[in-house]
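Reviewing the structure listed below.
The values are calculated or read from the model by the stated rules, or taken from the named source; none is laboratory data. Predicted, not measured: the structure shown is a model, and the values here were computed from it. Here the Cβ positions follow ideal geometry from the backbone for every residue, glycine too, while neighbour counts run over all protein chains shown. Protein only, heavy atoms only, side chains kept; ligands, DNA and RNA dropped before computing areas. Shrake-Rupley method; radii C 1.70, N 1.55, O 1.52, S 1.80 Å.
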Amino acid sequence: MTSPPAAVTRPATPSKDSAKRRPPVRRTTLVAGLLVAVLLLLVVCLLSIAVGSKQIPLGTVLDALRHYDETNTDHVIVHSLRIPRTLIGLLVGAALGLSGALMQGVTRNPLADPGILGVNGGAALFVVGGIYWFGLTSLTAYVWLAFAGAAAASVAVYTLGSLGREGATPVKLALAGAALTAMLGSLTTALLIGDVDTFDQFRFWSVGSLAGRGSDIAGQVAPFILIGIVLALVSGRLLNALSLGDDVARSLGQRVGLARLFTAVTVVLLCGAATAAAGPIGFIGLTIPHVARLITGPDYRWILPYSMILAPILLLGSDVVGRIVAQPGELQVGIVTAVIGAPFFIALVRRRKLADL
């Protein structure tokens with residue numbers, strides 16, 4: 001789970017001076033690539049609004065976007081179901097992509113994802129506890145329980161990883177996250193096997209889905225995700241310094257402990273809100289930062305915005321695929337991302353060394 005010595009000792013990102021010496025054509029290429037990704041995201045958003053279990057002609061969809069008629073059933077479906085679902089996908093995808101990049105940067109661990117800081121485990125335990133002890137059944141209640149659980153588990157992991165004279169290190173954070181995730185998983189399983197009704201309620205949330213998430217849930221999580229996005233996008237230089245190793249980062253004037261705390265808070269905002277809204281969705285936070293790194297190189301000032309754009313493309317695209325392959329029903333997006341993400345990640349592993357962060 002730890003980065004190999006080469007990833008620690010060899011400068012992995014361009015320094016401040018070298019970044020300034022980046023050839024203009026390189027920067028222009030990256031900006032152009034980002035614009036292409038944004039256009040692709042817009043196309044996927046339109047597909048997400050146009051495709052569903054009920055066939056609605058594209059002309060009707062476009063008419064619903066421009067001239068909404070509340071007496072038209074197709075227009076109501078587009079506005080009340082598909083647009084909020086697409087909005088949730090945008091928010092959750094951006095949050096998972098950014099949080100994955102932040103985790104891999106701050107832990108210098110190429111396998112870091114929302115599970116490593118106990119986010120999924122904490123959210124799941126709190127949701128199960130709410131169902132088991134209080135009989136909660138609404139998604140609105142799950143949102144706040146999952147967010148509280150994700151935040152509590154992340155704080156616990158960071159506290160455990162900070163114990164000792166050297167403070168929080170990538171190795172200690174990874175070990176603390178793995179240990180706490182195992183413990184939380186055991187507690188969750190203990191509650192689930194003791195009550196069939198709790199298991200039935202929990203399994204719909206735990207698979208990860210965008211279905212049934214309305215504008216009310218988007219409104220609840222949007223402030224946390226938007227604040228997290230801003231904090232994440234301004235942390236590129238910070239992650240570049242941390243990726244050089246603690247000693248080099250300190251020599252550059254970086255306060256390593258404070259930088260890791262800032263990143264951890266940002267991850268809690270992004271990942272906690274995303275998991276609360278859609279349940280635990282795998283492979284997005286793990287895979288997308290590696291794809292972004294293939295395009296941009298090791299500079300986190302570019303990895304972060306690319307991850308923010310590419311992740312919703314994968315999430316919404318998987319959601320559309322899930323609606324098409326299982327008509328008249330649909331597959332939950334968490335299942336589709338796992339089916340698509342696993343072989344894609346294996347291909348990335350075979351293509352380049354993931355430890356080369």
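Right, Val143: among the β-branched types (Val, Ile, Thr) and over 16 Å from Ser206 (Cβ atoms) or not? No, not satisfied. Taken over the range 126-146, the residue count meeting the criterion of being open to solvent by less than 30 Å² (accessible area, probe 1.4 Å) and either touching a Phe, Trp or Tyr at 6+ places or on another chain (Cβ under 8 Å) or of a type in the set (D, E, K, R) (or both) is 6.
Condition first: in a loop (DSSP other than H, G, I, E, B) and either at positive phi or surrounded by 12 or more Cβ atoms within 10 Å (Cβ to Cβ) (or both). Now tell me which residues in the range 183-223 satisfy that. Passing the criteria: Asp195, Val207, Gly208, Ser209, Leu210, Ala211, Gly212, Arg213, Gly214. Note on the range 173-182: among residues that are at pLDDT 80 or above and closer than 20 Å to Leu242 by Cα, the one that is surrounded by the most Cβ atoms within 10 Å (Cβ to Cβ) is Gly177. Set side by side, the residues Leu81, Leu35, Leu98, Leu46 differ, and just one is open to solvent by less than 50 Å² (accessible area, probe 1.4 Å) and under 30 Å from Thr275 (Cα atoms), which is Leu98. Picking from residues in the range 99-120 that are within 13 Å of the chain's Cα centre (by Cα) and among the hydrophobic types (A, V, I, L, M, F, W, C), the one that is farthest from Ile303 (Cα to Cα) is Val119.
Residues of the range 298-324 that are free of Cβ contacts under 8 Å to residues at least 60 places away in the same chain and more than 21 Å from Leu42 (Cα to Cα): none at all.
Taking residues in the range 257-277 that are within 18 Å of Val171 (Cβ to Cβ), and partners anywhere that are open to solvent by 10 Å² or more (accessible area, probe 1.4 Å) and part of a helix (DSSP H, G or I), the pairs with Cβ atoms closer than 6 Å and at least 6 places apart or on different chains are Ala259/Leu238; Arg260/Val106; Thr263/Val106; Ala264/Tyr158. Please go through the range 237-265 and give me each residue that is surrounded by fewer than 21 Cβ atoms within 10 Å (Cβ to Cβ) and within 17 Å of the chain's Cα centre (by Cα), ordered by number. If the condition is that a residue be surrounded by fewer than 21 Cβ atoms within 10 Å (Cβ to Cβ) and within 17 Å of the chain's Cα centre (by Cα), then Val265 is the only one that fits.
Every residue, every condition in (1) of a type in the set (Phe, Trp, Tyr); (2) under 14 Å from the mean Cα position of the chain (by Cα); (3) farther than 28 Å from Arg255 by Cβ, yes or no:
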{"site": "Gly97", "(1), (2), (3)": "no, yes, no"}
{"site": "Gly122", "(1), (2), (3)": "no, no, no"}
{"site": "Phe126", "(1), (2), (3)": "yes, no, yes"}
{"site": "Gly130", "(1), (2), (3)": "no, no, yes"}
{"site": "Leu136", "(1), (2), (3)": "no, no, yes"}
{"site": "Leu163", "(1), (2), (3)": "no, no, no"}
{"site": "Val171", "(1), (2), (3)": "no, no, no"}
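Among the conditions (1) open to solvent by 30 Å² or more (accessible area, probe 1.4 Å); (2) closer than 17 Å to Ala112 by Cα, the only one that Ile295 does not satisfy is (2). If you go through the range 110-154 and keep only what is closer than 19 Å to Val196 by Cβ and aromatic (Phe, Trp, Tyr), you end up with Tyr132, Trp133, Phe134, Tyr142. Among residues of the range 150-168 being in contact (Cβ under 8 Å) with a residue 60 or more places away in the chain and not in a loop (DSSP other than H, G, I, E, B), the one that is surrounded by the most Cβ atoms within 10 Å (Cβ to Cβ) is Ala150. Number of residues in the range 102-117 that are out of contact with any Phe, Trp or Tyr (no Cβ under 7 Å at 6 or more places or on another chain) and either small (Gly, Ala, Ser) or assigned to a loop (DSSP other than H, G, I, E, B) (or both) equals 10. Restricting attention to the range 36-60, the residues being part of a helix (DSSP H, G or I) and within 16 Å of Asp319 (Cβ to Cβ) number 11.
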